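Enquirer: Mind looking over this structure? Questions follow.
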Amino acid sequence: DLTIGGALLGGGFSVVTGAATADAGIADNVLATSGSVTVLANNNIENVTVRTGNATLINSQDLTDTSTVGSISLTSTLGSVGTGVGTPVTVQTGEPTGASANRNLEGSLALSALTATEDIYVTSPSDVFVTLVQAGDIVDLRATAIEERNDAAAAADGGADIVGTTLNLVATDGGIGALGQIEILSGTLTATSTAGTDGNISLKDVDEAADL
């Protein structure tokens, strides 16, 4: 975890956690969990790349063996996360592999810019799985796909997953809420997928009765 009194001005560097590998052939209830990254800054978080490692199980035998990728949480209490479309923060969670059925758990993404006039500009070269993304003004989130997190709590989550006055959501190789509907709270929404038949979009405004 990083707690910063001022801004996180990355200078182009990366914050990276290691990968995790576990052999489930020698014990029961084996977990492979890569490291998470949590950043709390008073001012802007900018010009930085944040990545978490892969989680790999070997010889998985039952539904209790689990591979879990570390999460990413970035919070700015007085500033923005990323400063513009051309100057976003880059995030990427690793890949979970080797477990049975639905026990490969993706790393979640949480982003907060808590002041009323502040924004979030974040991009990812892979899929992102959001828990809560909230900005006082603009949320601009671009990834290969934008999905709700895939753990058991997601099924019971009826609150807004992405919150901002203006939302701009872009998926370049998949859908937006295609694996499970994403709830939003916003006055203005632009949602774009360029993935053709794989680019389904499923969103619901929690202030409205109907799906979008």
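Enquirer: Of all residues in region 30-48 being open to solvent by less than 20 Å² (accessible area, probe 1.4 Å) and within 15 Å of S71 (Cα to Cα), which is farthest from the chain's Cα centre (by Cα)?
Expert: Here the answer is A32.
Enquirer: Within region 49-104, considering only strands (runs of 3 or more DSSP E) that don't extend past its boundaries, which have at least 3 residues that are in contact (Cβ under 8 Å) with a residue 40 or more places away in the chain?
Expert: 49-51, 55-58, 89-92
Enquirer: Is region 121-129 home to any residue that is of a type in the set (F, W, Y), at pLDDT 95 or above and more than 19 Å from E95 (Cβ to Cβ)?
Expert: Yes: one or more hits.
Enquirer: Here is a follow-up. Looking only at region 182-200, how many residues end up being surrounded by 15 or more Cβ atoms within 10 Å (Cβ to Cβ) and closer than 18 Å to L132 by Cα?
Expert: So the count comes out to 7.
Enquirer: Something else: Working only within region 17-48, note down all residues that are under 17 Å from G79 (Cβ atoms) and part of a strand (DSSP E or B).
Expert: Filtering region 17-48 for residues under 17 Å from G79 (Cβ atoms) gives 38-48.
Once the filter is applied, which keeps residues that are under 17 Å from G79 (Cβ atoms) and part of a strand (DSSP E or B), region 17-48 yields T38, V39, L40, A41, I45, E46.
Enquirer: Name the residue that is modelled with the highest pLDDT, counting only residues in region 1-16 that are over 17 Å from S108 (Cα atoms) and outside any strand (DSSP E or B).
Expert: F13
Enquirer: Something else: I need a count of the residues in region 49-68 that are open to solvent by 30 Å² or more (accessible area, probe 1.4 Å), within 18 Å of S124 (Cβ to Cβ) and hydroxyl-bearing (S, T, Y).
Expert: We begin by selecting, within region 49-68, every residue open to solvent by 30 Å² or more (accessible area, probe 1.4 Å); these are 49, 51, 54, 56, 58-64, 68.
Next, only the ones that are within 18 Å of S124 (Cβ to Cβ) stay: 49, 51, 54.
Remaining after also requiring hydroxyl-bearing (S, T, Y): 49.
Selection size over region 49-68: 1.
Enquirer: While we're on this one: Give the number of residues within region 73-103 that are touching a Lys or Arg at 6+ places or on another chain (Cβ under 9 Å) and open to solvent by 10 Å² or more (accessible area, probe 1.4 Å).
Expert: 6
Enquirer: Kindly indicate the residue of region 83-102 that is closer than 16 Å to A24 by Cα and among the hydroxyl-bearing types (S, T, Y) and also modelled with the highest pLDDT among those meeting that condition.
Expert: Checked region 83-102; the qualifying residue modelled with the highest pLDDT is T97.
Enquirer: Scan region 18-29 residue by residue and report those that are crowded, with 20+ Cβ neighbours inside 10 Å and at pLDDT 90 or above. If you could, list the steps in order and put the result at the bottom.
Expert: Keep residues of region 18-29 that are crowded, with 20+ Cβ neighbours inside 10 Å, which gives 20, 22, 24.
Answer for region 18-29, where residues must be crowded, with 20+ Cβ neighbours inside 10 Å and at pLDDT 90 or above: A20, A22.
Enquirer: Is it true that some residue in region 113-121 is under 22 Å from A178 (Cβ atoms) and out of contact with any Cys (no Cβ under 8 Å at 6 or more places or on another chain)?
Expert: Yes, there is a match, as at least one residue in region 113-121 is under 22 Å from A178 (Cβ atoms) and out of contact with any Cys (no Cβ under 8 Å at 6 or more places or on another chain).
Enquirer: Still on this structure, please answer the following. Considering only region 108-136, state which residues are open to solvent by 10 Å² or more (accessible area, probe 1.4 Å) and touching a Phe, Trp or Tyr at 6+ places or on another chain (Cβ under 7 Å).
Expert: S108
Residue by residue, here is whether (1) farther than 22 Å from A116 by Cα; (2) at pLDDT below 95; (3) in contact with a strand residue (DSSP E or B) (Cβ under 9 Å, 6 or more places away or on another chain) holds:
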{"site": "I138", "(1), (2), (3)": "no, no, yes"}
{"site": "G159", "(1), (2), (3)": "no, yes, yes"}
{"site": "L167", "(1), (2), (3)": "no, no, yes"}
{"site": "V170", "(1), (2), (3)": "yes, no, yes"}
{"site": "E183", "(1), (2), (3)": "no, yes, yes"}
{"site": "T197", "(1), (2), (3)": "yes, yes, no"}
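Enquirer: Pairs only if they're at least six apart or on different chains, beta carbon under 6 angstrom, first in region 171-195 and among the charged types (D, E, K, R), second surrounded by 20 or more Cβ atoms within 10 Å (Cβ to Cβ); list them, first residue then second.
Expert: E183/D161
The values are calculated or read from the model by the stated rules, or taken from the named source; none is laboratory data. Owing to the predicted nature of the structure, the values given are computational and were not obtained by experimental measurement. Please note: Cβ atoms are built from the backbone with ideal geometry, for glycine as well, and neighbour counts cover all protein chains shown. Calculation scope for accessible area: heavy atoms of the full protein, side chains included, ligands and nucleic acids excluded. Shrake-Rupley method; radii C 1.70, N 1.55, O 1.52, S 1.80 Å.
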